[in-house]
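Data first, discussion second: the structure below is written as structure tokens.
Read the figures in this text as sums done on the coordinates, not as results from a lab. Note that the coordinates shown come from a computational prediction; the quantities given were computed from them, not determined experimentally. FYI the Cβ positions are ideal-geometry reconstructions off the backbone, even for glycines, and counts take in every protein chain you see.
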Amino acid sequence: MGTLDADFAGETVVVTGGSSGIGRAVANGFGDAGATVINADVRAAPKDVDAETPTHEAIESRGGTAAFVETDVSDPDQIESVIEAAREFGGIDVMVNNAGVHRSAEFLDVTPEEFDSVHGVNLRGAFFGTQLAAKDMIDRGVEGSIVNTSSTTAERAEWDHSHYAATKGGVQMLTRSAALELDGHGIRVNAVAPGPIATEIREGWAEEADAIDGSDGLPSRAGTPADLRDAYLYLASEGANYVTGETVWVDGGASL
Ligand code: NAD
């Protein structure tokens, strides 16, 4: 069984949160498929990958073209700066709104400050990432593609996840609503919903995820960022030209 053999040569792809975890794997995937990749992240190398090569340098070391733009996606002005940076490479063809944060708290304990910090990145970031990328595509007459990172928590309640899950439910409806309104411009909007993926999104999560063994049902193991790569490439590709407003669940069966 091979992996997806996608060709994004000549295309410019922005991946938010591309310094770590899922975003890093996706950015590398687009880079290996020939795209110019811009990683828009608050930091080039988060604590878990300090010892590694920053994403853009890793892509460049394999002969690709890549850049890093320090970006806080909760600030639409900073997203505009990424879009301007992308114009130097011909402008965005694919926008991946992936940056995310997770805080655990019981529903009754969530404070307005915690609510805002999670929503600012996960939902506001994805919302204006989608809107501003679409405006830029429309201005340039480009029929592009947008892929947002949702989560199984968008449709399945989990203890301690209420404010996070609310953002991901929002990402689901943002994806469908934007798909509806942007279709006439030739812009497709889809989402990928990962299940438990061993990353550093919150302290101790990589270890917790690694301990998943199927004893509570599916999934039988935690996923890895590499397990997500092809779903993003597929949704962004011409092969998915009749797919919009859709969510692809890459969760080892967790949502069953
Ligand atoms: P991660 O922590 O490894 O990566 C998240 C990246 O987002 C980091 O590089 C971080 O620096 C960046 N980021 C955080 N705040 C930002 C901001 N304000 N602006 C720009 N970048 C910012 O975590 P991950 O697991 O790879 O998460 C990626 C996405 O996948 C998130 O949207 C997350 O909600 C989603 N997700 C993860 C899982 C999982 O189990 N890991 C499951 C479902 C969904």
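Among the candidates 69, 37, 42, the residue that is closer than 24 Å to residue 239 by Cα and within 17 Å of the chain's Cα centre (by Cα) is uniquely 37.
When segment 214-238 is limited to residues that are surrounded by fewer than 17 Cβ atoms within 10 Å (Cβ to Cβ) and part of a helix (DSSP H, G or I), the one that is farthest from the chain's Cα centre (by Cα) turns out to be 238. When you scan segment 1-17, how many residues do you find that are within 16 Å of the ligand (Cβ to nearest atom) and farther than 15 Å from residue 86 by Cα? Looking only at that region, the number is 1. Take the conditions (1) touching a helix residue (DSSP H, G or I) at 6+ places or on another chain (Cβ under 7 Å); (2) over 30 Å from residue 157 (Cβ atoms); residue 105 misses just one of them, which is (2). Report, by residue number, each residue of segment 170-213 that is surrounded by fewer than 18 Cβ atoms within 10 Å (Cβ to Cβ) and touching a Lys or Arg at 6+ places or on another chain (Cβ under 8 Å). 200, 202, 213 - these are the residues of segment 170-213 that are surrounded by fewer than 18 Cβ atoms within 10 Å (Cβ to Cβ) and touching a Lys or Arg at 6+ places or on another chain (Cβ under 8 Å). crowded, with 24+ Cβ neighbours inside 10 Å, more than 14 Å from the chain's Cα centre (by Cα), on the phi < 0 side of the Ramachandran plot and of a type outside the set (Phe, Trp, Tyr), is that true of residue 144? Criteria met by residue 144.
Restricting to segment 21-47, count the residues that are surrounded by fewer than 23 Cβ atoms within 10 Å (Cβ to Cβ) and near the ligand (Cβ under 7 Å from one of its atoms). Residues meeting the conditions: 3.
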